[in-house]
Amino acid sequence: MAYRKRLTVLALLDSLIVLSAIYVSYLILHPYLEIFKLYPLLVSSITLLICHHIFASIYKLYNKAWEYASVGELLSISKAVTFSVVVTAAVQLLIFHNIYVRALVLTWMLHVLLIGGSRFSWRMFRGRYISTQGVKKRTLIIGAGSAGTMVVRQLLKNPDSELWPVAYIDDDPKKFKLHYYDIPVVGNSKSIVDIVEKLQIENIVIAIPSLSKKKLRLIFNECSKTNVKTQIMPMLEDLMLGKVSVNQFRDVQVEDLLGREPVELDIDSISGYVTNKTILVTGAGGSIGSEICRQISRFSPGKLVLVGHGENSIYHIEMELRNKFKDLFQIIPVIGDVQDRTRMFEVFEEYKPDVVYHAAAHKHVPLMEYNPKEAVKNNVIGTKNVAEAADTFGVNTFVLVSSDKAVNPTNVMGSTKRIAEMVIQKLDKESKTNFVAVRFGNVLGSRGSVIPLFKKQIQAGGPVTVTHPDMTRYFMTIPEASRLVIQAGSLARGGEVFVLDMGEPVKIVDLAKNLIRLSGYTIEEIGMNFSGIRPGEKMFEELLNEKEVHPEPVFPKIFIGKAVLEQEAEITYLLDRFENLSGKDLKEYVINLANRRKNKMLSHAK
């Protein structure tokens, strides 16, 4: 209804209520006409009517959205009515030298009852009969706390929502059978399957922002047994910042089910070494590199140098940062390959970075088994080029993005990452630059990870291909991985290997099953095949070996290890002669070197 039309309707309705209230009061108290005094009644009714509209305007009774009315609106009505009656009493005293107390008290009661009743009746009528309840999806709300009740209230009041709440689930036994907004609490999380079937639920919303990852995974596992779409309410920070509304639910993501809480940043320590400094990121167009750039941009660096050999990926991250951060700091896109030593030295000489995050690498395990020379050129020689440029031009902190596959490696990719760690550890002993490495497990959603592959297989109708039913991996999100890299820079003293406490390793097969359920299918509909372990893969990964473990974290959820460097002569031999090594010999050499085993070729050379 248009504002003017709505204002007219409410004013006419209130006028009728005001006049009815005072006349009914007088009739109740003076039922006989001979006692009925017309003149005082006429003056009182006109005074009350004028005062009501004045105070209704002051307390904005005609501007309130009554479909969302609550105690605050009732208080406003009470104030407007009370002041109207008080002024009317004053007029009676002034003109008639008498106050008709009983009549005014009864008028006040009828006034509040009828004005409030008209508003709240409209609210109830609109919610029950004008809404499209009949075509909405019957929805189960998990969580009857403040967030859950807020969700229900918004769903009930929003005529455009496609969801209609019919029941709550809550594990607090004190709430069982209680009603919030006329919606009952019907059971706990263990009864989800039965309740969905009994109440014919078509949608589930998890509305517990404080829910731990472990508990969320348990609840989702129960929800997934029902084959009903499960969603989750937005994060509280997004609600507070106004990015989303309460009833804009999102689907549960794989990262929600990792079973541990995400790592957070120590803002103060990071700001100290990043703000107003020149930061250089290699591999800036990749999954990890681009997220490092996004996270770093929050701390207002002086310059951000984006280094990468793919012009398209560098262009995309450059445009994204320019659109988001405008001219808050200088963004410099640089096209260059870390294998090109001359180019790297030119870049470092021109921009003289204070901090370097080295994320450029080949990381696909089976692919590197077939291309060991490319793995060495990019992961080892590329790292050496960038690290020596950092040393030459006085970089303060150099952070190498490594991998859990560098621990006791059985493949080329992990071995080259371990050798890259050895390269920077050797430099750290000789340089004023603080060289450190950061290891983490598989990154969900990054290029080459299993998640995009599984999603494509699900979209194609299946089956999903898993290598082995018992294979496990550590998993983290792209933002978490980037935060760890950035935080490591603030903790760097030189030579450390930082790892994230990634909780318990996750079975790949469980990850695949969760992704199938999140996509709205059953395991039987999509199917699963086991293809066998691929070249270079291990059944499980480690983050530190026994010689490297320091049991106490240096930062919440971040551990530190001092990796042992024993193979300086081996590294020199590899870098000087690897062009002459064949694929098979090179593969054997780098794996032995990474595992600190004696190499026959070096013995022959000696």
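Using the 10 angstrom Cβ neighbour count as an exposure proxy, how do L306, L328, L13, L110 rank, fewest first?
The fewest-first ordering by Cβ neighbours comes to L328, L13, L110, L306.
Given the convex hull over the Cα atoms of region 373-490, what projected area results after averaging over all orientations, in nm²?
8.8
Based only on the alpha carbon positions, what is the Kirkwood hydrodynamic radius of region 270-390, in angstrom?
Roughly 14.5 Å, rounded to one decimal.
Using the 10 angstrom Cβ neighbour count as an exposure proxy, how do E525, E202 rank, fewest first?
Ascending Cβ contact count within 10 Å gives the list E525, E202.
Relative to a virtual label point 7 Å from the Cα of T275 in the Cα→beta-carbon direction, which members of region 296-333 show backbone nitrogen distances below 11 Å?
Flagged as within label range: 299-301.
When H30, H316 are ordered from fewest to most other Cβ atoms inside 10 Å of their Cβ, what list results?
Sorted ascending by nearby Cβ count, the order is H316, H30.
For region 285-293, what does the Karplus curve 6.51 cos²θ - 1.76 cosθ + 1.60, with θ = phi - 60°, yield as ³J(HN,Hα) per residue in whole Hz, taken in order and with x for Gly and Pro?
Result, ordered by residue: x, x, 4, 6, x, 5, 6, 4, 4 Hz.
Only the coordinates and a few stated rules stand behind these numbers; no lab work does. Just so it is clear, the structure is predicted and the values come from calculations on it, not from any experiment. For neighbour counting, all protein chains shown are included, and Cβ atoms are generated from backbone atoms with ideal geometry for every residue, glycine included.
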